[in-house]
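Right, one structure below, let's go through it.
The values are calculated or read from the model by the stated rules, or taken from the named source; none is laboratory data. What you are looking at is a predicted structure, and each value in this text was computed from that prediction instead of being measured. Heads up, the Cβs are rebuilt from the backbone with ideal geometry, glycines too, and the neighbour counts pull from every protein chain shown.
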Amino acid sequence: MSVADPLPHDSARLHVTGAARYVDDIPLPANALHLAFGLSDVAHGVIEALDLSAVRASDGVVEVLAAGDLARPADVSPSAHDEPLLAEGRVHYAGQPVFVVAATSHRAARVAARRAALRVAPLPAILTVDEALAAGSRFEGGPVVWDKGDAEAAIAAADLVVEGTLELGGQEHFYLEGQAALALPGEGGEMHVIASTQHPTEVQHKVAHALGLPQAMVRVECRRMGGGFGGKESQGNALAVAVAVVAQATGRPCKMRYDRDDDFLITGKRHDFRIDYRAGFGRDGRIRGVAFRHLVRCGWSQDLSLPVADRAMLHADNAYRIPAMRIESHRLRTNTQSATAFRGFGGPQGVAGIERVMDHAAHALGLDPIELRRRNYYAEMPAPRPDRTPYGQEVRDFILGGLTEKLLDGADYAARRAEIAAWNAGQRVLRRGIGFAPVKFGISFTLSHLNQAGALVHVYTDGSVHLNHGGTEMGQGLFQKVAQVAAAEFGVPVSAVRITATDTAKVPNTSATAASSGSDLNGMAVQAACAEIRARMAGHLASLHQITPDAVVFAGGAVQAGGARYSFAEAATLAWQGRVSLSATGFYRTPDIAWDRARGEGRPFYYFAHGAALTEVVVDRLTGEYRILRADILHDAGASLNPALDIGQIEGGYVQGVGWLTTEELVWDNAGRLRTHAPSTYKIPAFGDRPAVFNVALHQGANPAATIHRSKAVGEPPLMLGISALMALSDAVAAFGGGRVYPALDAPATPERVLAAVERMRG
Amino acid sequence: MHLAFLLNGERVDFPDAPPTRTTLDWLREDRGLTGTKEGCNEGDCGACTVLVTDPDGSLRPLNACILLLPQLQGRALRTIEGLAAPDGTLHPAQQAMIDHHGAQCGFCTPGITMALAAAHASADPDLDPDTALAGNLCRCTGYAPIARAARAIAHAPIPDWIAADARALADLSPHLALSLAEIPRGSGGSAPGATTPADAPARAFRPRDVDDLAAWHAAHPEATLVAGATDLGLHLTKGLRDLGRLAFISGTPGLCEIASTPEGLRIGAAVTIEDLRAAIAQAAPDFGELVRRIGATQVRAAGTIGGNIANGSPIGDGPPALIALGATLTLRRGAARRTIALEDFFLAYGRQDRAPGEFVEAVTIPPSPGTLHVHKVSKRFDQDISALCGAFMIATEAGRVTHARVAFGGMAGTPKRAPLTEAALIGAPWSEAGVAPALAALAQDYAPISDMRASAAYRLEAARGILLRAVAGDLVPPVLGALQGGAA
């Protein structure tokens, strides 16, 4: 049984030998061109003059195109058709592509792209949420507001009211492989695009539209990405369209990859949020009502901002039963990079908001922050009367009560809490702090029709299995998990399953590999395809042996039928000789979901995935520097398809979440230019930033929802476990004070912000 | 001239090497060796880490993205494609990365695996993986499985094929002897992809020794000296500049020595930061720890102390400590030498006291009159550029300060001494209360700026914090100490 085995990543050996090929590693035909964009360095303005003569004259340049030179308008937006490939008349952010150069080398293209004479008459630029609010610069006309009960009345009637503001910075994806795409023009106008993308189908659509071709003439392929994290859901469209457009114009293969600085300057990042909160609590620590205002900085185009902001609202309850709630979500348009999908897709911001409320209330009530949270948890599964979320979904599978208990026991929470207090009492400069964060994350695309997947499986007469599906591999181990599913269906070892590149020519009309849904959706589709082929094989062998098909057993690389035992290859050959098709497609759509976005009501999620983390830090009051000393995590991956890969997602997600909330700071100057555009200035966690003690375990248990082998999605939820580090820093900072002032620590909690919070403790 | 070195054990000859071509571009574009990855093209992510063995047999991990081909002259370059044995047997680092699930997306993996192999080859069982891997970013794993892989191979024997480069160099050294000729102008057009300005004609020179360099540089005062290229490389990869006439000075005899002299410890300008670290770690532990946080292993193995000083950066981490140590700088122009106090070298932002044709020959650290305290503050602990970095040389008698030299980086347009703070310290009790006037004086010595690394207000506040930490250093553990000793 291959399912549940802790197998290595399918490409592990290729990774460690340097043989795994990414887009930029593919050998190019001799006449290939390399592309680079010329960028605006003005945040908002009218293009008055664009002189490209020096660009054209630069060494190695073959083609230079601005918006007006395109055969037809090219749009790269995933949603609202509001992102021209190249700026048309106006520029909307500093970093926006204005023209594209094709040259004989990557470097020649980059050199040429800097030689344009671009004159932009500046217009007032809206850079901050305050400026956007004041100017009424927003998407969707006005705020989206969801009410459950009368939150204001509930807060007014409560024993205690806490209110405040939480600033949450954005986050650059910093996939190690930058954006890249390659277009190979074929005969009769066909275009073959190889791209580093989480969404080959969307790339296909955007390329087909830009080239004026039917979708059937565009094939998009992706074997693997060097990291995605949401940053390659829509942000690769521009490169793919650019290479296709220039390939069509020149008839030559074209490749484009962003230099790292360009990648930072051009592409979108996680949405930064300002969350205003007002919450009422009883003396018993139970929340009575909460009102949130989410100010979401969306950047210049719509991109995926609406569903991101929705998901933030859908996670504003996190793990808690909240009798009355109001959320106002303002989706603000600014002259900055268009914020986009990033692991968690708004969920982390929503969760951080309510976790701040819980932390603040515990401080005000003098209650242990974990105890306060547990008092507000949803009813544990199996609940006789399940609670409902503010948006009306029954919470039938809540397991954080037991999971928290187990985590705290294993991490020795009570004793450590006491030991830390005693240690802190003896310190002059340092304080340790401990913080907790639970996560309950809804699994499914909130746009319900995206919850579908397809697969294509062939069995060959030697017993080898060719596996294809619509999901993409970005490091998460999806391909291996799905191969394990296929191997289990056929009773063959995983080595018999050949994983192949995601390809719109094999499986069409796919959804992005996003929303943590990769193995849920594609695993089921693959299982369906394999089950179909297996049933045909079983039917044929059953008729040969005069038995019923369900008496044919596929296991251990062999097929038992009646008294006979065939190798899987022999069984496949017999089926072929019997003129049985050994190729099948599989299809899956998630059942039981229904979501009314306009009303903010329904069942958007098929199920919830859970986890909890406890983090300990130490803070230095002299400089605000800090270190993470220890993290303990227990995470719910259902019945894990592959525990090793799932643990990897949890460890990596936690550290990425910690990075978002601590050292990763995006800084724009007053003119709207991003000043942190390379790893020299933008600091993702480094090796030494992982917790010194790092205990991660799976909370094993079957998913009550009928998912693939009862597993649960694990891509995004662990990122929110990083919130425990922000809570721990807040706890340590609070220990410098007398308990009167709440630290109100914003994120990213750089040493500078931590020091400012420490100083507030003295005030 | 012709450039010659070993690539994965095979000799490579360049009749006319393009001197500003990076090793990374050459590997990927000309040799089709795409296992070495470009993650940032500025030496900050480690995805392009390769192993370079020197003629003396020592092996270093280096960032190929800012390693120029002439820097490989007479050395052995090994890439991820050459890490496994010729028969395909994986290097222990490769096997451990598989066994411990150290790769997810796999893009940083070749660099991480090479960095692990380099640490492993150092045969130091106590080698701290936090240090060995500080220069390798991974966005997927959270590093935990990589740390497990590092632990797993700590005691595995070094595969004999890794040592083969050193043996081969010894055999080949007469043929690979450093060429003294110039790389002829007009070279570089023959390599595929080498048609762009960076590869365009540039005169490159490799001096025989420091005197040879001095004579050449006096004759070519407009030329740029290339040592480790850890900063200069970015002028190529990010600035896309034509660097003009170049001299490659790493390994130049007379520039690479560390010697005890009557004036103190004389450190040649081309001594790498990593070698400096080894030399001073015992004598000045604070400085040693600071040097550990300059760049990362790959950067320290290439970058030199001379470069760290000569580029005049206000946030270079070497100068504040060296100024506090009372270091002097020896500048050389032709046959003439002059020696100045290091702090006098930095005239203003972007301007140093260095005449055309003159170069930094050595830095000399006099015997220490007291204790050096050095603290660096940055957003990220390892491999980050300082928001500020402060150094205090303090001697006390009976609890009062008798000698104080204070210098900061990141607080002004240059690394700068703090005369008023020093004056306030001398004679004062070396205690939290005693340094109060000095804390106030810091604001008169410095008017820092706000930028993406920190605000002006924070810089001043943290500068005071650093001084207090220097005072309290003996009383409370610094943050790192708590990390190691205080955790439950």
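Worth a mention:
- If only residues of region B:8-43 that are within 14 Å of chain A (Cβ to nearest Cβ) and aliphatic (A, V, I, L, M) are counted, the one that is surrounded by the most Cβ atoms within 10 Å (Cβ to Cβ) is B:Leu24.
- Filter result for the condition that a residue is part of a strand (DSSP E or B), under 19 Å from B:Met411 (Cα atoms), away from chain A (no Cβ under 14 Å) and not charged (D, E, K, R), over B:Leu322, B:Leu331, B:Leu347: B:Leu347
- Scope region B:70-94; condition assigned to a helix (DSSP H, G or I), within 8 Å of another protein chain (Cβ to nearest Cβ) and surrounded by fewer than 24 Cβ atoms within 10 Å (Cβ to Cβ); matching residues: B:Glu81
- Of A:Lys506, A:Lys481, all but one fail to be among the basic types (Lys, Arg), part of a helix (DSSP H, G or I), at pLDDT 95 or above and out of contact with any Cys (no Cβ under 8 Å at 6 or more places or on another chain); the exception is A:Lys481.
Here is a yes/no grid of residues against (1) within 30 Å of A:Leu666 (Cα to Cα); (2) buried (at least 20 other Cβ atoms within 10 Å of the Cβ):
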| position | (1), (2) |
| --- | --- |
| A:Phe345 | yes, yes |
| A:Pro348 | yes, yes |
| A:Ala352 | yes, yes |
| A:His360 | yes, yes |
| A:Ala364 | no, no |
| A:Arg373 | no, yes |
| A:Gly392 | no, no |
| A:Asp397 | no, yes |
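Quick grid of which residues meet (1) surrounded by fewer than 24 Cβ atoms within 10 Å (Cβ to Cβ); (2) part of a loop (DSSP other than H, G, I, E, B); (3) modelled with pLDDT of 95 or more:
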| residue | (1), (2), (3) |
| --- | --- |
| B:Ala96 | no, no, yes |
| B:Cys105 | no, yes, yes |
| B:Asp124 | yes, yes, no |
| B:Leu137 | no, yes, yes |
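- Residue ID - nearest to the other protein chains (Cβ to nearest Cβ), chosen from residues in region B:385-397 that are in contact with a helix residue (DSSP H, G or I) (Cβ under 6 Å, 6 or more places away or on another chain) and hydrophobic (A, V, I, L, M, F, W, C): B:Leu388
- Cβ-Cβ contacts under 6 Å between residues 6 or more apart (or on different chains), taken from a first residue in region A:551-568 that is free of Cβ contacts under 8 Å to residues at least 40 places away in the same chain and over 18 Å from A:Thr461 (Cβ atoms) to a second residue that is of a type in the set (Val, Ile, Thr) and surrounded by 13 or more Cβ atoms within 10 Å (Cβ to Cβ), are listed as A:Gln560/A:Val553; A:Gly562/A:Ile547.
- If the condition is being within 11 Å of chain B (Cβ to nearest Cβ) and either among the charged types (D, E, K, R) or in a strand (DSSP E or B) (or both), then region A:172-187 contributes A:Glu172, A:Glu177, A:Ala180.
- Looking across region A:281-294, the residues that are surrounded by 24 or more Cβ atoms within 10 Å (Cβ to Cβ) and either out of contact with any Asp or Glu (no Cβ under 8 Å at 6 or more places or on another chain) or farther than 17 Å from A:Leu160 by Cβ (or both) come down to A:Ile287, A:Val290, A:Phe292, A:His294.
- Flag if A:Ala30 is within 12 Å of another protein chain (Cβ to nearest Cβ) and either touching a residue at least 12 places away in the same chain (Cβ under 8 Å) or more than 25 Å from the chain's Cα centre (by Cα) (or both): yes
- In region A:683-732, residue farthest from the other protein chains (Cβ to nearest Cβ) [restricted to those that are part of a helix (DSSP H, G or I) and in contact with an Asp or Glu (Cβ under 7 Å, 6 or more places away or on another chain)]: A:Ile708
- Residue check, B:Ile315 in contact with a Ser or Thr (Cβ under 7 Å, 6 or more places away or on another chain), modelled with pLDDT under 95 and farther than 19 Å from B:Asn63 by Cβ: yes
One line per residue, one yes/no per condition, for (1) surrounded by 21 or more Cβ atoms within 10 Å (Cβ to Cβ); (2) of a type outside the set (Asp, Glu); (3) in contact (Cβ under 8 Å) with a residue 40 or more places away in the chain; (4) more than 13 Å from chain A (Cβ to nearest Cβ):
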site	(1), (2), (3), (4)
B:Val377	yes, yes, yes, no
B:Arg380	yes, yes, no, no
B:Gln383	yes, yes, yes, no
B:Gly399	no, yes, no, yes
B:Arg405	yes, yes, yes, yes
B:Ala424	yes, yes, no, yes
B:Pro429	no, yes, no, yes
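- Residue check for A:Glu163: modelled with pLDDT under 95 and either under 30 Å from A:His360 (Cα atoms) or under 26 Å from the mean Cα position of the chain (by Cα) (or both): no
- Of note, A:Val308 satisfies the criterion of being without any contact (Cβ under 8 Å) to a residue 40 or more places away in the chain, buried (at least 24 other Cβ atoms within 10 Å of the Cβ) and not polar (S, T, N, Q).
- Per-region count, region A:616-654, residues within 9 Å of another protein chain (Cβ to nearest Cβ) and under 20 Å from A:His9 (Cα atoms): 10
- Pairs where the first residue, in region A:110-131, is within 14 Å of chain B (Cβ to nearest Cβ) and the second is part of a helix (DSSP H, G or I) and at pLDDT below 95, C-beta under 6 Å, 6+ apart: A:Val111/B:Pro197
- Whichever residue in region A:399-421 is surrounded by 14 or more Cβ atoms within 10 Å (Cβ to Cβ) and among the aliphatic types (A, V, I, L, M) and, among such residues, is nearest to the other protein chains (Cβ to nearest Cβ): A:Ile420
- Flag set for B:Gly46, criterion: crowded, with 24+ Cβ neighbours inside 10 Å, closer than 18 Å to A:Gly652 by Cβ, more than 7 Å from every other protein chain (Cβ to nearest Cβ) and not basic (Lys, Arg).
- Residues within region A:422-446 that are of a type outside the set (Phe, Trp, Tyr) and either more than 12 Å from chain B (Cβ to nearest Cβ) or closer than 20 Å to A:Gly657 by Cβ (or both), tallied: 12
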